[in-house]
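Written below as C-alpha cells is the structure these notes are about.
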C-alpha cells in the first residue's frame, strides 16, 4: 500500500481502502477513463478538518505541518500538502543553510557587483563579459539520485543544470563535472563510475555540449555518498536575459516539452532528506528521474527560437518539485497570482493523481508565460520543433495560486508561502571536540618514512602519479565530447576549460572547479578558502581574469551540530575569501545529508571560478613544448604536507591544511595573466594536490616533452629538503616555461611586484625524461605508463 | 591536382574564388555539429546554406553535408528514422544525379540507412563513447571530397562517437576494397572495431562519401587537435580536415567554368 496521500488511480475498492487508511471520506470520486479516483478539494478540506495527513512520510516536521495549517487557516488538501512538502524540503528551500548563505549577499561590495547582471536567487547568475555579451553559469549537485541510479542520476543532473541555463535566455555552450567516488578498489565503486560517467556522456554528448573539465576524486569517505556535481555555462547577448516571473494579468501560462510521468515523484523531498540505510522501506529506485537527451536538445533549440522571436514574457525550467515549484515561483516573482487547470497537463501516465502531477520531476519540461497576442507565434515554434505543449491557465492579480482539477479547486495558496516563505532554521552548531586531536596529529609526527635517496624519490613520484587521485583521467574524459560547437580552446587536462564566446574577436571565458575535502575536514573555514584559491589560481593560470564564483556545497547532515559547524565555517570562509579576492558568488547549490550510517562525507565545498579572456588565443596550456625554454617556479615552498596527497597515500590525515595568503594568490594571478597577455610564457600550471612533483609530471606529459630540473636552489632558499620541495602543497605557487627572449622581462615583472621566482630548469626535447639533476631521471614513457594505467586497470 | 599544405592559418580566404559554391548543411532535430560544418564550409571559402530536414527543397545547393549528432534521438538505431525525412528524398534523388554528399558520423549512419552507402554502423566494440584525435589514411583521392589530398597521405581529425563500428558482409567489404571505395582508413589505432579499419567509404561514382571521424573539427587553428599528420602545429592547431571541404568547393567551381 502506498504511503502517499493521493496514490495513483485505482479501482473503486482500492480507492476506498486507501481512504480508510488515511481516514478519508470518499465523497469526491471522479470518473476518469472509466476508472475511479478521489479528489481532495479545498472545499473538502474545509469540511474535514480532522483528517489525518501523512505529512511525516512526505518529509515535513510536525511544526512545519502546523505552520502550513496556520498559513491556510485550514488543513491543506492532498495537493497542497504535496506542494508544501516538496517546496519546503531542504533541497528546495535551503531551510538549514539560508541563514549562513546570506553572507554571500552581505559580504559583497559595490565594486564586486559591477559586472554582475543577475545575482543569487534566479535560476543562475549572469556576468557581463563586455561587447554586449553575457555569460551565465551555475553548479549543482545530483548526489543522491546518482547513488541510487548512477546512469540516470548523473544524466538528469546534466539535464537539470542545462535547463537552468536555458531559462536565463542563454545558449548552453559547455558543461563540467566534478565527481567524487569511494575507494577505487571497493566493489561498489565500479558500478558508480561506469554508470555516472556513461550517464554524463550519454546526456551531455547528445545535447552537443562540450565537456571541458571537472574533477575525479576517490576517497572512501564518499563510498555511500558519491558526489556528482554538474556545472553548465551559457552565453547570450545582454538584451536576451530572461527571468522567471509571471507578469501581466491575462497572460497565458503554458507547459511544454516532455509529458509528465511518474518519475521522480517525491524525489526532492524524500531523496535529499534521508539516508539510504536499510530501514525496511521499499527501495527508492523509482524516485529517480529518467532522462531523454533528445527531448532536451530539441527543447534547447526551440527555447532559443522562442527567445529570438520574443514570444515569451517569463520562463522557468521544471526541476526539483516540478510544477509545484514552477507555478509557485513564477507566480510569486511576478504579479502574484496564477490560475491553473491541472487536467490540462499532458500526461505520459494517465493514472497520475493531482498531487503526483504537482510533484513529478519528469525531465525536459519548461513553463512559460505568453501574452495572448503571441499565442499563435508560440504554437508555430512548438510545431516546427515537434514539441508538445498545453495551455494551463493564466496570470492573475489575486495574489493567490489557484489550481483546479476539472473545475474543482484543489489548491488555493499564497504562492510566496510555498516558494519563498518556507521554514528557516538556525540550527545549533559547535566545533567538534575531536578536531584539536586531529589537528595535533601532523604528518611529520607520524611514523611515515620520508623518501630521500634519488631512487626513493623516483619511486615516490611514480607512485604519486599513478595514485587514484593524481593519475590520468583520460579514461573518463575521453568518454565526453570536447570538440562539439567548435569553440573549445582548452579542456582537460589543462588547468581550466576555455570557451570562445565571440568568433570575431576571440572574447571568451575560462572555468575551473576545485575542492579539497581533506583540507576542509582539517579546517572548514580555511579549506573552503583553499578551494576558492585553487579555482582562482587555475583560471588565472590559463590567462583569464577571474570574475565570479559559483559553489556547490556538499556536506553531511545539518541536524548534526558538528556537521553544521563545518558548513557554517565553510560558508563564512568562502564569503570572506570572495570579498578579499573581489569576486562575487553568483549562485550555486547546497547538498546536505551526504552521509550514511551516521558517518558524513568530508565537507566538500566545490568552487567554480569563471574568468574572462579578451581573446582566447592568449590562453596558456599546462605543458611546455619548445626546446630550451626556461622553467620557473613562482612562489615559496614550505614544509606543508598535512592533508596532502602524499600523506593520503600513506593513510595519514591530520594536522592543518597549507597556509593561505589570498593577497599572494591575487598577485600571482595578476602576474600569470600579465605574462599570458604579453606573451612572456608558453606554459603554466598551478601547484596544488601533489605539489611540484605532480605539476612537473603533468607539464611534461601534456605534450610528451621532457625537461632538466634542478631544485638545489629552491631547497636552499626555502629551507626545505628535496622531498618537501617535491611533495609539499604550499599555496600561491605555479610553474611556468619562459622563452629565452622573454626571460629578462619575466624576471623584472616578478621582481617589481616582489613575487618569489626561481629558475628550476630547462625544457629538453631531446631527452625523453624528467631529469632531476644529480638525483634521478624519470623516463617519460615510464611516467606515462604509470600515470595512464590506473583507471583502465580498475574500470576498463 | 596540387597538394594543399594543411598547416597553419586557414582563416577565411575572401579572394579564393570559392565563395560562389554553395554547400547545404542539413539540420535534423537532434543534429549537433551543423554549425561546425557550416563554419568549416565558410573557413574553406565556400558559402554555407542551412537546410531543414522537414523541407522539400534543396535550395539549389551544389553539395550537401549531413553533419553529426543524434538526428532523431537515435534510440532505435542511429539514422534509422532520419532517412525518411522529406529532405532526404531530395538528397537521395540528387545524389543519383551526381550531387556531392558527405555524411559525417551520424550523417554516415544516415547514408547507410538510406542505402546510398553499403554496410552499417554498430556500437563501438569497447561499448564506450570515445573522443580522441584520430590518425587516418586517405586511401582514395579521386572522390568529390578528397581530391585535395594525395592518395596515401595521412590526416589527424577528431573522432567522437558511440556507434562507430563499421560492419558489412565479407563480399561487400571485398567489393569496396576492389573498387577503391574505401576512402579513409584508421591508422595506428582502430578505435571502435570497424571491419578492415574502415573509417570512410564512397559510392561507386565517388560523389557520396561517409566518414565516421569529424573533419569539421580540424579546420580552424586554435580549436582543432593538438597534432597534424603534416608536421608540428601550435596548440589546437590541427587543420587537416579542411581539405575535405576545399576538395568539394574546388570541384564545384571547376565544374561551373
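Rule-based calculations on the coordinates, nothing more; no lab input. All values derive from a computational prediction rather than experimental measurement. Don't worry about glycine lacking a Cβ; one is built from the backbone with ideal geometry, like all the others, and counts go over all protein chains shown.
Annotations for the structure displayed:
- Net length gained if the chain between residue A:408 and residue A:109 were fully extended (0.36 nm per residue, minus Cα distance): 102.6 nm
- Cα-based equivalent ellipsoid of region A:217-269: semi-axis lengths in Å, sorted from largest, via gyration tensor: 35, 21, 10
- Zone residues, region A:575-613, relative to residue A:441, backbone N less than 12 Å from point 7 Å out along Cα-to-Cβ: none
- Considering only the protein assembly as shown, percent of DSSP beta bridges that pair antiparallel, nearest 5: 75
- Ascending count of other beta-carbon atoms within 10 Å, so fewest first, for A:343, A:790: A:343, A:790
- Shown here are the Rg and Dmax of the Cα trace of region B:99-214, at 12.6, 36 Å.
- Scaled to the globular estimate 2.2 N^0.38 Å, the Cα spread of region A:321-445, given as radius of gyration, is 1.62.
- Net length available on complete extension from residue A:102 to residue A:70 is 8.8 nm, with 0.36 nm assigned per residue and the Cα-Cα distance removed.
- Taking the centroid of alpha carbons for each part, region A:38-99 and region A:441-519 are 46 Å apart.
- For region B:22-256, the Cα-based Rg and Dmax, in that order, read 15.9, 46 Å.
- Calculated [222 nm] ellipticity per residue, helices only, for chain B: -6000 deg cm²/dmol; basis is -39500 (n - 2.57) per DSSP H run with n ≥ 4, divided by all residues, nearest 500.
- Applying 1/(1 + (r/R0)^6) with r as the Cβ-Cβ distance of residue A:503 and residue B:52 and R0 = 30 angstrom yields a FRET efficiency of 0.85.
- Helix A:454-466 axis, angle to chain A major axis (alpha carbon atoms, nearest 10°): 20
- Each residue in A:139, A:631 was given a count of other beta-carbon atoms within 10 angstrom of its own, and listing them fewest first yields A:631, A:139.
- Between 0 and 90 degrees, the angle of helix A:561-581 with respect to the longest Cα principal axis of chain A falls at about 60 degrees.
- Principal semi-axes in Å for region A:621-796 [√(5λ), Cα gyration tensor, largest first]: 24, 22, 15
- Counting 0.36 nm for each residue step from residue A:674 to residue A:615 and taking away their Cα separation leaves a gain of 19.9 nm.
- Computed on region A:621-796, with alpha-carbon pairs under 8 angstrom and 6+ residues apart, the relative contact order is 38 percent.
- By the count of other C-beta atoms within 10 Å, a proxy for reagent exposure, A:740, A:537, A:416, A:75 are ordered fewest to most as A:740, A:416, A:75, A:537.
- Candidates B:199, B:63, B:168, ranked by Gaussian network fluctuation over chain B, Cα under 10 Å, top entry: B:168
- In region B:185-257, the C-alpha radius of gyration followed by the widest Cα-Cα span (Dmax) gives 14.4, 43 angstrom.
- Estimated translational D of the protein assembly as shown in µm²/s (Stokes, Kirkwood radius over Cα pairs; 4 °C; 1.567 mPa s): 43
- Sites residue A:430 and residue A:599 - FRET efficiency at Förster radius 22 Å, r taken between beta-carbons, to 0.05: 0.75
- The helix-based estimate of mean residue ellipticity at 222 nm for chain A, built from -39,500 (n - 2.57) per DSSP H run of four or more residues and divided by its residue count, is -11000 deg cm²/dmol to the nearest 500.
- Note on chain B: GNM, Cα springs under 10 Å; of B:125, B:161, B:203, the largest mean-square fluctuation is that of B:125.
- Estimated FRET transfer efficiency (residue A:721, residue A:777; beta-carbon r; R0 22 Å; 0.05): 0.65
- 0 to 90° range, to nearest 10: angle between helix A:187-207 axis and chain A longest Cα axis: 80
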